[in-house]
Every structure is written in structure tokens, then in C-alpha cells.
Amino acid sequence: MNPTFPSRISAEVRLYVRLLRMHLLSGMEYKGWWLMLLQVFLVVVSDPLAVVLLFSRFGNIGEWTVERILLVYALSVASCGIAECLCRGFDYFPWQLLRSGDFDRLLLRPASLFTQVAASAFHLHRLSRPITALAAVLWALDRMDVALSLRTVSVLGLALAGGSLMYAGVFVFTSGLAFFTIKGLDWIYLLTNASYQITRVPEPFIPGLLKKVFRFLLPVLVISFYPAATACGWNYPQAAGWLALPAGAAFLAFSILIWRVGVRHYKSTGS
């Protein structure tokens, strides 16, 4: 192993933190920054409102209660929110860096392209999504009388880590494809904002084909439903709840491979 490898990783982490801090402080210069936080908070809270109203009107679906649904849903939303905060630059890459030609400047800098792109954007108001979702997770666990034991915290912590890697992988995957399309692909949002909507449906009622898609292609159920089942002791394979981190890491690794292929085939788009 290259003896300078650990120091290079440390330098990249410091650069990444500095860039995010710069975006955070610049965002707080606007006097109305808290209004944007409130806006996203209201969107996140109102999104699952239809499910809550349906359950309050018609009652539980067998053993499925509104707390169960919201726990699984909130885990997925929190993971997506964390990825949005930490890798927002990849989400904006096709429009802000690639099509404008600004990506050429990044190629000249003596720093990792991945780090520079990931930290090229940070929106303060996006913090509302993971914070609100984590509050919903704690509320659901409390309502179901699930104690916050070391095992429960470990399972859910790995689920959030794996889910964040998976959704970060979606952003990286999108950016990798953009090298060939030279524009953003709007349908890719089916893999982000639309993907966690599947968790609002009880797992037994999800069609078989969709189950396979969200288990093996985009492992949304692996980073949300199965960890929740393991943490709460539902009647599902308990070992599946510990697969969130490797599943998310595998999806991110595949996305990075697509990204690197795109970088190797990149030709300047000009300005």
C-alpha cells in the first residue's frame, strides 16, 4: 500500500468538510434561511399525511399499524435526506458543472474529483428532511414500546448508514450517465424521491416484481423494511436486517464504477 494513502484520505476528508462548512456559512448569510427549513419541514410532515388519515379512518391492516408504516417510511426518508445533505453536488452535477463546462476546471485541481463534486453544493434547508424523519423514527419506536437497546440502535444505525450510501450511489450513478447524455435525466428521480414512497405500502401487499426490484436492483427494502423488522422483532428473517450497510456500499461501488467510466470518456462540453 502506498504509504501516503492514509494522509491523502485525511486531506480529502478535511477538504470535504471545509467545503461543506463554507456552503453552510454562506447559506446562513441569508436572513430568511430558517423559512426554507420550515418549508421543507412542512413538505416532509405533510407527505405521509394521507397514510395517517387512511389508517385513522379505516383502522389497521391486520398486524400493520400506522406506526409500523411510518417507521419503515421514515428510515428511508432519513437515508435519502442524509445523502442529499452530504452528496448534493452529484445531484446538481449534470446542470451546474457538466453542461456549463465548469467540470473542466475541477480536472485541473490537485484534489479528488469525487470530493470536489460531492461538496460542490450544500443546501441548509435540506437538513429538515433527515431531522424530521429521525424524529418520526423515535416516535414510532416509542409508540410500539420498542426499547432503544444496543441491538436496536445498531441495526437502525447501520440501516441509516447503508441507506445513505445507497441514495448517494443514485446521485453518483446519475452523474456517471450524464457524461454520455450531457444533461440531467429527470426519470432518475424515480430512484430517489419516488423510491421511498414504496415503503408506505405494507411489505406483504407489494407486488412481487416490485419487491424484487427494491430488494436486488435498488435495495430500498433492505435499508428500511428489514432493519425495522429486525429491530422490532417482526416475523421476518432477522439476519436480513443487518444487510443494509453491505447492500448500500455495493450499490455505491457500482455507481462509482459507472462514474469512473464516464470520467474516462469525458470530452469538454465547452461553455
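The values are calculated or read from the model by the stated rules, or taken from the named source; none is laboratory data. Note that this is a predicted model, so its numbers are computed, not measured. Quick reminder, even Gly has a Cβ in these numbers, built from the backbone with ideal geometry, and neighbours come from all protein chains shown. Each accessible area value is taken on the protein alone, full model and side chains, heavy atoms only, with ligands, DNA and RNA left out. Shrake-Rupley method; radii C 1.70, N 1.55, O 1.52, S 1.80 Å.
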Check: Of the numbered conditions (1) in contact (Cβ under 8 Å) with a residue 60 or more places away in the chain; (2) surrounded by fewer than 23 Cβ atoms within 10 Å (Cβ to Cβ); (3) within 20 Å of the chain's Cα centre (by Cα), Cys85 satisfies every one except a single condition; which is it?
Finding: (1)
Item checked: Some residue of region 200-211 being among the aromatic types (Phe, Trp, Tyr), buried (at least 23 other Cβ atoms within 10 Å of the Cβ) and assigned to a helix (DSSP H, G or I) -> no
Note to self: Going residue by residue through region 111-118, is there one that turns out to be modelled with pLDDT under 85, open to solvent by 30 Å² or more (accessible area, probe 1.4 Å), of a type in the set (Phe, Trp, Tyr) and farther than 23 Å from Ala229 by Cα?
What the structure shows: no
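Every residue in region 219-267 that is polar (S, T, N, Q), in contact (Cβ under 8 Å) with a residue 60 or more places away in the chain and in a helix (DSSP H, G or I), please.
Result: Thr230, Ser255.
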Next item on the list: Please indicate, with yes or no, whether at least one residue in region 170-182 is of a type outside the set (Lys, Arg), touching a His at 6+ places or on another chain (Cβ under 7 Å), farther than 30 Å from Ala50 by Cα and open to solvent by less than 70 Å² (accessible area, probe 1.4 Å).
Entry: yes
Next item on the list: Inspect all residues belonging to region 135-151 and state whether any of them is over 30 Å from Ala240 (Cβ atoms) and open to solvent by less than 20 Å² (accessible area, probe 1.4 Å).
Entry: no
Margin query: Looking at region 61-87 only, could you name the residues that are assigned to a helix (DSSP H, G or I) and among the acidic types (Asp, Glu)?
Written below: Glu67, Glu84
Notebook entry, point to check: If you check Leu191 against the conditions, is it touching a residue at least 40 places away in the same chain (Cβ under 8 Å), open to solvent by 10 Å² or more (accessible area, probe 1.4 Å) and more than 22 Å from Leu37 (Cβ to Cβ)?
Noted result: no
